[in-house]
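Beneath this line is the structure, given in structure tokens, with notes to follow.
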Amino acid sequence: MSRHDKQIISYYPFMTSGDDIPSASKAPRLPGQVVLVMQGGGAQGAYQGGVYQALHEAGIEPDWVIGTSVGAINGSIIAGNAVAHAPVRVEHAAIYSVDPLRKFLPKLVDFDRLNSGNPRFTLGLVGVPDSLMRYFDSTYGKIGLDHILGSSAVPPTFPAVRIDGKAYWDGGIYSNTPIEAVFDDSPRQSSVIFSVQIWHTRGPEPKSVAEVFARQKDIMFGSRSRSHIARQAELHRIRHVVRTLVDMLPEEQRNTPEVQDLAGYGCTTVMHLVEINAEPLDGETNSREYDFTKATIEARWYAGYADTCRMIARRPWENKIDPSVGVAVYPSDAPPNNRVERREQTNLGESPELNDRRAMHAHRPFLPNEAQGRSLSLAGRRGSPINAG
């Protein structure tokens with residue numbers, strides 16, 4: 001470890017040396033590639049930083065990162081850095097225009113590494129003239145700065161970004177939880193998908209105009225993800241039904257060109273879809289996606305960290321899946337609004353309350369302001385997400 005690394009660790013006290021990076025032998029064994037899917041939502045993207053920190057500390061590194069809007073920006077920093085230190089302070093997170101991001105992002109992202117395929121990186125943009133979602137994927141083409149900036153092109157606040165002569169907007173206005181990229185991949189692979197949702201899927205009836213606007217945003221950008229996920233899960237079940245029916249045919253029929261053509265619609269991959277959903281913060285307002293204050297960024301980061309630690313402790317991907325179904329969706333157990341559902345879903349021999357205490361104490365991140373009052377460092381070993389777009 002260099003003297004420079006030691007200085008960074010000293011300045012950012014919750015970071016540790018490269019020697020403390022979890023080894024593969026300590027990391028949990030997951031039944032498939034690890035996919036991290038992240039939504040857009042401006043400053044709420046700090047929650048995603050906490051999610052990644054928890055995954056990293058558990059030795060779970062994504063093989064594939066997919067994002068829209070701030071999820072794509074955060075994803076580019078995760079995929080565009082080695083598992084090493086890349087500190088980002090909270091004052092760098094307040095990016096309200098594309099030009100500062102154009103200057104700042106290249107300091108955080110190694111685009112050669114981003115395009116190396118380790119991990120694979122995908123971001124979604126929507127075409128302005130044709131309204132079609134397009135996923136730019138490092139496996140099939142080079143991703144550059146303009147692609148990332150397109151994830152900040154939220155109309156009408158920011159202008160469209162032109163790529164190969166075509167204008168694109170932030171894909172989050174079309175599909176803010178882009179898990180279809182995993183289910184539609186070819187060839188499809190068995191996966192453990194961590195779907196991070198920063199818009200609230202549930203909420204009380206609003207009692208003021210401000211609360212109406214806030215709930216409207218949740219429904220537009222978050223609540224519909226539930227039906228989106230359910231639809232993808234149902235399609236995958238149908239693929240397994242097709243495969244099961246083909247296997248039931250006599251061999252002479254199974255090998256005919258007609259049946260083999262139909263068999264192409266079948267699939268044997270297994271998908272574990274793990275939801276990690278942010279819950280509202282106390283005092284949250286309609287302007288939450290623009291709230292880059294230090295206290296709020298800290299709170300969102302810690303919430304993402306604690307919620308993910310608790311989900312990792314459950315290890316839901318170890319559950320058996322009916323081979324005729326091929327997909328299991330594990331609802332988020334984030335407190336405090338779904339205690340009853342958490343009791344129903346947590347079935348690992350430990351109470352939800354115990355998992356809560358474990359997340360709140362045993363896995364609690366060491367935040368810089370607790371030590372020396374320094375500004376929050378949104379930092380992780382691979383290079384940490386910032387909050388913009």
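The values are calculated or read from the model by the stated rules, or taken from the named source; none is laboratory data. Since the structure is predicted, the reported quantities are computational estimates derived from the model, not experimental observations. We place every Cβ from the backbone using ideal geometry, glycine too, and count neighbours over all the protein chains shown. Only protein heavy atoms, including side chains, enter the accessible area calculation; ligands, DNA and RNA are left aside. Shrake-Rupley method; radii C 1.70, N 1.55, O 1.52, S 1.80 Å.
Scanning residues 5 or more positions from Ile163 or on other chains, those with amide H under 5 Å from its amide H are Tyr168, with H placed 1.01 Å from N in the peptide plane. Among the listed pairs Lys217/Lys294; Lys142/Lys294; Lys103/Lys217, those with a Cα-Cα distance over 28 Å are Lys142/Lys294; Lys103/Lys217. What the phi angles of the stretch 53-67 give under the Karplus curve with 6.51, -1.76 and 1.60, with θ = phi - 60°, is a coupling list of 4, 5, 4, 4, 5, 8, x, 9, 9, x, 8, 8, 10, 10, x Hz, glycine and proline written as x.
Across the alpha-carbon set of the stretch 126-200, the Rg to Rh ratio works out to 0.98, Rh being the Kirkwood radius.
Counting Lys and Arg as +1 and Asp and Glu as -1 over every other residue whose Cβ lies under 14 Å from the Cβ of His236, the net charge comes to 0. Applying the Karplus relation 6.51 cos²θ - 1.76 cosθ + 1.60 with θ = phi - 60° to the stretch 292-299 yields 3J(HN,Hα) values of 9, 5, 4, 4, 6, 4, 4, 5 Hz, where x marks Gly and Pro.
Karplus-based coupling profile of the stretch 113-127, in residue order and whole Hz: 5, 4, 8, 6, x, 10, x, 5, 10, 9, 9, x, 10, 10, x, with θ = phi - 60° in 6.51 cos²θ - 1.76 cosθ + 1.60 and x standing for Gly or Pro. Solvent-accessible surface of protein heavy atoms, probed at 1.4 angstrom with all chains present, puts Ile276, Ile219 in the order Ile219, Ile276, largest first.
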